[in-house]
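A short write-up of the structure that comes next.
None of the figures in this text is laboratory data; all of them are computed from the coordinates on show. Since this is a predicted model, take the numbers as computed values, not measurements. Don't worry about glycine lacking a Cβ; one is built from the backbone with ideal geometry, like all the others, and counts go over all protein chains shown.
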Amino acid sequence: MAGELDGRVAVVTGGRRGIGRGIAERFRDEGAKVAVLDREVEPIDGVLSIAADITDETQVLAAFAQIGEELGTPWALVNSAGIGPAVPFLELGVDAWREMLAVNLEGTFLCAREAARAMVAGGAGGRIVNIGSQIGLKGGVELAHYAASKAGVHGFTRAIARELAPSGINVNAIAPGPIDTEMLMGMPDDWLAAKQAELPLGRFGRVEEIVPTALLLVSPVGGAYITGAVMNLSGGDVMAD
Ligand SMILES: NC(=O)c1ccc[n+]([C@@H]2O[C@H](COP(=O)([O-])OP(=O)(O)OC[C@H]3O[C@@H](n4cnc5c(N)ncnc54)[C@H](O)[C@@H]3O)[C@@H](O)[C@H]2O)c1
């Protein structure tokens, strides 16, 4: 049976685990040639795993060069690599602030730029999906640095969506609510209890509840008329247009 992404090249950062892993495996199952780019790698069936730190421009350039040589021009990039340790604002040091911005925002920029350069050179358009966050929309206790990075990702998404539209490259963000991954489970217990209590759906989300939206956004037909959107998948925690 033909897959939604048959023969297309897709790159997923942070694809070793969590949301990125779910997306990478689904894209592979839809027929894509998938490269996962992560600072820690482990073998994933049928996927090219590349060790790279997305905050390091040299490593990002080398990773995209390798993808171009081994798989071809990317059709899709999903920026899922990210970090999220909570720090009370009064204790937030400049190093923790900078690291958060470096991974979540600058890393997203570097990978998006390299993917877009390859897509424009290839001349066949493409899709970029950045994983933002509900925290970037509504804020979150002990997450000032994270909220700033994710609100930055949302703004960045809209800016390059405008700039890349003439090249046939659609750019969107997904802003998930709390999703049951190792990142979320690294949050303090009292934070998790308070977060769960404020969710209209009364539970954390699951990776498989994010994956279909990522697939829609990179889909050649289904995603063709969506660009500059920040898709709110927050279990009802954020209710806004
Ligand atoms: N889990 C949630 O509740 C939630 C909610 C909203 C948004 N998000 C966002 O979704 C994305 C994925 O989150 P997750 O829950 O799957 O996290 P995760 O911690 O399970 O996975 C993140 C992956 O990113 C990789 N990574 C981290 N820093 C990197 C770097 N500098 N270079 C390369 N790879 C790096 C890690 O090795 C890991 O494999 C993140 O951007 C996160 O901010 C998560």
Cβ-placed point charges (K, R +1; D, E -1), dipole of the chain about Cα centre in debye, nearest 20: 660 debye
For region 120-241, alpha-carbon Rg relative to the globular expectation (2.2 N^0.38 Å, N residues): 1.13
Reachable aspartates and glutamates, given that their alpha-carbon falls under 16 Å from the alpha-carbon of Lys33 and they are not under 8 places away in the same chain: Glu4, Asp6, Glu25, Asp45, Glu69, Glu70
Peptide ranges 104-111, 125-132 listed from the most packed, as the mean C-beta count within 10 angstrom indicates: 125-132, 104-111
Amide H partners (placed H, <5 Å) of Val230, local residues excluded: Ala173
Ratio of the Cα radius of gyration of region 1-119 to 2.2 N^0.38 Å, where N counts its residues: 1.11
Reach of Lys150 by Cα under 16 Å, taken over lysines that are not fewer than 8 positions away in the same chain: Lys138
Inter-label distance for Glu69 and Ala51, nm, one decimal - labels placed 7 Å from Cα along Cα-to-Cβ: 1.8 nm
From the C-alpha gyration tensor of the chain, square roots of 5λ in Å: 28, 19, 17
Spatial separation of Cα centroids for region 202-241 and region 166-185, in angstrom: 8 Å
Backbone HN-Hα couplings from phi across region 73-90 [Karplus 6.51/-1.76/1.60, Hz, Gly and Pro as x]: 5, x, 8, 9, 10, 10, 8, 10, 4, x, 10, x, x, 7, 9, x, 4, 5
GluC sites (Glu not before Pro) restricted to region 138-241 and DSSP loop, no more than 13 other C-beta within 10 Å: Glu198
Alpha-carbon centroid distance for the pair region 1-38 / region 55-81, whole angstrom: 13 Å
Farthest toward positive dipole pole in the chain [+1 Lys/Arg, -1 Asp/Glu at C-beta], among Ile135, Ile54, Ala2: Ala2
Loop GluC sites (Glu not before Pro), region 1-66 (other Cβ atoms within 10 Å of the site Cβ: 10 or fewer; DSSP): Glu40
Principal axes of region 61-168: Cα extent on each, largest first, Å: 48, 27, 16
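Could you tell me the convex hull volume per residue, in Å³, taken over the Cα atoms of region 105-148? List each step's numbers first, then the result.
Working: hull volume 2.7 nm³, N = 44.
Per-residue hull volume (Cα only) is 61 Å³.
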Chymotrypsin sites (Phe, Trp or Tyr not before Pro) restricted to region 163-241 and DSSP loop, no more than 15 other C-beta within 10 Å: Tyr225
